[in-house]
Amino acid sequence: MKETTKTALRRCSVCPRECGVDRIQGQLGFCRAPLLPKVALVSAHQWEEPPISGTRGSGTVFFSHCNLQCVFCQNHDISQAHLGKEISISRLADIFLEQQARGLHNINLVSASHFIPQTAEALMLAKAQGLHIPVVYNSNGYESLEGLRMLEGLVDVYLPDFKYWDDTLGNQYSHAPHYASVAAKAILEMRRQTKTDVMDANGILQRGLIVRHLILPGHYRDSLRILDWIAEYLGKESYVSLLHQYTPMYLAAQYPNLSRRLTTFEYEKVTEYFLNIGLTHGFVQKRTAATQEYTPVFDLSGVDSAATFQKRKE
């Protein structure tokens, strides 16, 4: 492990929590993440947005732990129950190269914010050994500028969530103080790093930004405020993915608004508003996306060996 990585983790502030724990000495912060990167699944994702998954799939690497505690998390087995296996930084670099060798369109880092220094080091190792496909950073949006700047020049595509505009919702559903302002600053930093959106001849994103928003039942008006922000600060030609896939999972039944699926009316109100304010580049989902069938099975496939790799609908 490089000294720069150790320095970043001796008083951890790689995410907005700024816990200040010494992860080198085994101290645990809010995310409970260990020192070494912890991975739960290596797979080919066929169900991301078309410019990410394309025809050959996106090379997902699912990291365990999380710096949010979303009460409706579909990946709670790894984010909250911490299922996964600790691996070396060199093994993580090998995983990236194995994903490339499978012919996948990109490397897709899913929820890596609490392992940014280790991931950055692994990416540098892999690039020195020939990694050349785009790297996608798939994020919950709750990122620090300090952490994101460690990724500058290493990440080609940012795929962040913008979950909430109302901070009451961020606190209640994700235990995330000031979520909106943190996510807004983070997404602007992602835009600064990527500058413009670049597709190849097959429509696969090589560099750029797609902002995702999961519309929550009972809160579609909150979604409209997020679209307003995107139009004003990122521009009306920004890529936005409006997700219809909300499914009551984990602790959602304890919250009246979250105990049901999204209605067609709620989703259409948001998609209509998207068009009405002049946004032009959007991705939508059918209501059939709201099912647990798209939740990954975190069985450690591909973590130890390329031979255990599998493809799954996620």
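General remarks:
- Single match in GLY147, GLY141 (criterion: surrounded by 22 or more Cβ atoms within 10 Å (Cβ to Cβ) and either of a type in the set (A, V, I, L, M, F, W, C) or in contact (Cβ under 8 Å) with a residue 60 or more places away in the chain (or both)): GLY147
- Enumeration of residues in region 263-288 that are among the aliphatic types (A, V, I, L, M) and touching a residue at least 24 places away in the same chain (Cβ under 8 Å): VAL270, ILE277, LEU279, VAL284
- Residue list for region 176-207, filter: in contact with an Asp or Glu (Cβ under 9 Å, 6 or more places away or on another chain), open to solvent by less than 50 Å² (accessible area, probe 1.4 Å) and within 30 Å of CYS19 (Cα to Cα): ALA176, TYR179, ALA180, VAL182, ALA183, ALA186, ILE187, GLU189, MET190, GLN193, THR194
- Candidate set: region 150-160, residues that are in contact (Cβ under 8 Å) with a residue 60 or more places away in the chain and closer than 18 Å to VAL182 by Cβ; chosen: the one farthest from the chain's Cα centre (by Cα): MET150
- The requirement of being without any contact (Cβ under 8 Å) to a residue 12 or more places away in the chain and either under 30 Å from ARG207 (Cα atoms) or in contact with a His (Cβ under 6 Å, 6 or more places away or on another chain) (or both) is satisfied by GLU3.
- Subset tally (residues that are touching a residue at least 60 places away in the same chain (Cβ under 8 Å), open to solvent by less than 30 Å² (accessible area, probe 1.4 Å) and under 16 Å from ARG191 (Cβ atoms)) for region 213-262: 4
- Filter pass, GLN25 being under 20 Å from the mean Cα position of the chain (by Cα) and not hydroxyl-bearing (Ser, Thr, Tyr): no
- Of all residues making up region 33-92, the number that are in contact (Cβ under 8 Å) with a residue 60 or more places away in the chain, assigned to a strand (DSSP E or B) and surrounded by fewer than 21 Cβ atoms within 10 Å (Cβ to Cβ): 1
- Taken as a whole, the structure leaves TYR294 outside the set of residues that are at pLDDT 95 or above and either at positive phi or open to solvent by less than 60 Å² (accessible area, probe 1.4 Å) (or both).
- Which listed residue is more than 16 Å from the chain's Cα centre (by Cα) and more than 27 Å from LEU251 (Cβ to Cβ), from ASN202, ASN171: ASN202
- Checking each residue in region 260-291 for being aliphatic (A, V, I, L, M), part of a helix (DSSP H, G or I) and at pLDDT 95 or above picks out VAL270, LEU275.
Yes or no, residue by residue, for (1) farther than 30 Å from ASP167 by Cα; (2) of a type in the set (Gly, Ala, Ser); (3) in contact with a strand residue (DSSP E or B) (Cβ under 8 Å, 6 or more places away or on another chain):
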{"residue": "LEU9", "(1), (2), (3)": "no, no, no"}
{"residue": "GLU18", "(1), (2), (3)": "no, no, no"}
{"residue": "ARG23", "(1), (2), (3)": "no, no, no"}
{"residue": "ARG32", "(1), (2), (3)": "no, no, no"}
{"residue": "HIS45", "(1), (2), (3)": "yes, no, yes"}
{"residue": "SER53", "(1), (2), (3)": "yes, yes, yes"}
{"residue": "VAL110", "(1), (2), (3)": "no, no, yes"}
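The values are calculated or read from the model by the stated rules, or taken from the named source; none is laboratory data. Keep in mind that this is a model prediction, so the values were computed, not measured. Cβ coordinates were reconstructed from backbone atoms using ideal geometry, including for glycine residues, and neighbour counts include every protein chain displayed. Note: areas computed on protein heavy atoms with side chains; ligands, DNA, RNA excluded. Shrake-Rupley method; radii C 1.70, N 1.55, O 1.52, S 1.80 Å.
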